[in-house]
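The values are calculated or read from the model by the stated rules, or taken from the named source; none is laboratory data. This is a predicted model, so every value here is computed, not measured. Every residue, glycine among them, receives a Cβ derived from its backbone with ideal geometry; neighbour counts consider all protein chains shown.
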Amino acid sequence: MPAVLAEPQPRGDAPPRSDADSLLERAPKRAVSPERVAATLTLLAIVGVAVYAIAESGISIPALLESWGNAERFFERVGGIEFPPAAELVELTALTLGIVISGTLLAAVISVPVAYLAASNTTPGRGWQAFGRFITVLTRAIPDVVLAMVFVLMFTIGALPGILAIGIHSIGMISKLFADAIEQVDEGPRLAIRAAGGSKLQEFTSGILPQVLPSWVATVLHRNDINLRGSVVLGYVGIVGLGMEMSFAFKSLNYSEGLGIAVVMFVLCVVMEIVSSVIRKAMLGTAPTGRGLGDRVVRGVANARARRTPSDASSRADAAAQRPSPIEPSSTAELEAALRRPWTATRIRNTAWGWIAVAVIVASVAVCDIQWGDLVTFWAKVPAIAVQFWPPNFGNYDAETMFTAMGETVMIALAATLLAVIVSVVVGSLAARNVAPNGTVRGSFRLLLLVVRGIPELILAIVLIVITGLGAQAGTLALAFGGIGLLGKLIADSLEEVSAGPERAVRATGASRSQVYASATVPQGTRALIGHSFYLLDTNIRAATILGIVGGGGIGYYLLNAGQGSNYQVVTSIVFMILVTVLIVEGIAVWMRRVFR
């Protein structure tokens, strides 16, 4: 017999090579995409710049502890929290809500045709699609405070400039999310209507609108909540309401009343979330599935009712059994009765909620006391006002000063985003159902995120400026704190939406909770984390501009000075700088999401 050659044994104590190891070595290696390498290097470079920005901002724990004496003196000066007189507070609250609701409704109406053009499956052509997307980017990039300045010039101080500023600025977000919802619809109903000879309008109203309506309602309600918090800033440029009163209070060093109005704004934000959840439950017939305070309250009420009436299911079954079987009507009268929709308790409730919604909208418009004639006469002022904004220039400032200030704004946004990402990964993970060790921990961190989201960044910036002084440090900390509320919630929702299969597979091998998190949960949520982080950076760039108005550093200081000094050509230059910056960030974000898909 031929001799069998034994495989050479490895030297030393190395274990013998298995066939699997040999196969893995011979298996073809996946080529690394140059574009993916470039995207990774770009991401690392952005993180490196953000780290440098944090170092340059002067943020340090010892410095914050040393400045606590300023905080004590500040709170001693504030004393107790005060509120405006009750009648005045009610009037200001109603006016603020009226402006916010009217502005959000205006944005929703305009966003429908814009989203129709921007969606890939409904746009009439690539040119129209590009136009629709340009509108979404442009309206999102122009700060609402700049729009408010322009409209105050056209209409003087009042509610109408606030409505138009909120409405036009909100088109960017609402139309983008509307278009995303249109692109995700089931094309079956729409194609069936087209095959039956239906028009484009019928395709939209009967084949698309019923599918996207729940998502659209949720988007409008979410944007309304954002606009309510953002309305505080508009008070600094002449928009009436709680924001203006708060600006007057802080400018006159009446911190007690200023903080009292801030508390009212926080309560309004929480109430608005609960109302939004109730509306989704009542009008759409679906129970809210979110983890916010409003959704939990609505679900808790529904569960309590279910426990009080345990026999509802059997009662419905008995009622169904007692109803006559659906037989073919033997007469015209029976046919008409069969086609007539009965007024059930559900239909009555939904109809009532619908009319209540209409009443709220009408009341919101009425309380604003809009001078509708101004919408006709203001056109005569447009040429004279446009001349004041064109051509753009830097006025008495040199280009180096303005570009340095814009760079400081970007650095503040980068530093705040990185700080928010670091904290949000921890807080958002513990707020996710599939990561938190128990329901108590998850609920506590969800409540923490809600509280953080309810505090306007402008209020935080003002308080931090009083404590730490003027400069980038206060703006960075305020944006970072506010970003935790937004990004933490997005991360928690994204982690809860990952596929459970990989988690179960890793858990079946005996892995610990932390190993499941690191090996299965985080890898699936990485792409969403990158997308959410760039969204926060985009938001922070605009927010950093606003915080500069109250001394948070950056280009906002020059924006406010130019507006108050009627140097509107400088305002135009600053808006162009912000627009270019936002477009660059959005382009990088789109590229990153595509590469890491």
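Descriptive notes on the structure:
- Pair list, Cβ < 7 Å and 6+ apart or interchain, from segment 43-58 residues that are more than 9 Å from L414 (Cβ to Cβ) and touching a residue at least 60 places away in the same chain (Cβ under 8 Å) to residues that are assigned to a helix (DSSP H, G or I) and of a type in the set (S, T, Y): S57/T476
- Test set (1) modelled with pLDDT under 85; (2) in the same structural domain as M246 (by TED's automatic domain parsing) - G98 fails condition number: (1)
- Evaluation of A179 against (1) more than 13 Å from V112 (Cβ to Cβ); (2) under 26 Å from the mean Cα position of the chain (by Cα) (one fails), failing number: (1)
- Meets criteria (in the same structural domain as A262 (by TED's automatic domain parsing), surrounded by fewer than 16 Cβ atoms within 10 Å (Cβ to Cβ) and on the phi > 0 side of the Ramachandran plot) for G197: yes
- Scanning segment 86-103 for residues that are surrounded by fewer than 20 Cβ atoms within 10 Å (Cβ to Cβ) and not hydroxyl-bearing (S, T, Y) turns up A86, A87, E88, L89, V90, E91, A94.
- Considering T581, T545, T526, the condition of being surrounded by 21 or more Cβ atoms within 10 Å (Cβ to Cβ) and either at pLDDT 80 or above or touching a Phe, Trp or Tyr at 6+ places or on another chain (Cβ under 9 Å) (or both) is satisfied by T581 alone.
- Restricting segment 66-95 to residues that are part of a helix (DSSP H, G or I) and acidic (D, E), the residue that is modelled with the lowest pLDDT is E66.
- Condition check for E503: under 29 Å from R229 (Cβ atoms), assigned by TED's automatic domain parsing to the domain that holds T417 and of a type in the set (D, E): no
- Residue selection: F155 satisfies the criterion of being over 24 Å from the mean Cα position of the chain (by Cα) and surrounded by 19 or more Cβ atoms within 10 Å (Cβ to Cβ).
- Test: residue in segment 133-147 that is of a type in the set (S, T, Y) and closer than 19 Å to V112 by Cα: yes
- Flag if E408 is exposed (fewer than 15 other Cβ atoms within 10 Å of the Cβ) and either part of a helix (DSSP H, G or I) or out of contact with any Lys or Arg (no Cβ under 8 Å at 6 or more places or on another chain) (or both): no
- When V212 is tested against the conditions (1) buried (at least 20 other Cβ atoms within 10 Å of the Cβ); (2) closer than 30 Å to Y557 by Cβ; (3) hydrophobic (A, V, I, L, M, F, W, C), the lone failure is (2).
- Of all residues in segment 556-573, at least one satisfies being of a type outside the set (D, E, K, R), outside any helix (DSSP H, G or I) and touching a residue at least 60 places away in the same chain (Cβ under 8 Å).
- So V365, is it at pLDDT 85 or above, assigned to a helix (DSSP H, G or I) and not assigned by TED's automatic domain parsing to the domain that holds L579: yes
- When each of P124, P113 is tested for being more than 30 Å from N254 (Cα to Cα), in a helix (DSSP H, G or I) and free of Cβ contacts under 8 Å to residues at least 12 places away in the same chain, the lone residue that passes is P113.
- L464 vs. criteria modelled with pLDDT of 75 or more, assigned to a helix (DSSP H, G or I), in the same structural domain as I578 (by TED's automatic domain parsing) and of a type outside the set (F, W, Y): no
- All of (1) surrounded by fewer than 18 Cβ atoms within 10 Å (Cβ to Cβ); (2) without any contact (Cβ under 8 Å) to a residue 24 or more places away in the chain hold for G207 with one exception: (1).
- Of all the listed residues (L106, L117), the sole one being in contact with a helix residue (DSSP H, G or I) (Cβ under 7 Å, 6 or more places away or on another chain), surrounded by fewer than 19 Cβ atoms within 10 Å (Cβ to Cβ) and not aromatic (F, W, Y) is L106.
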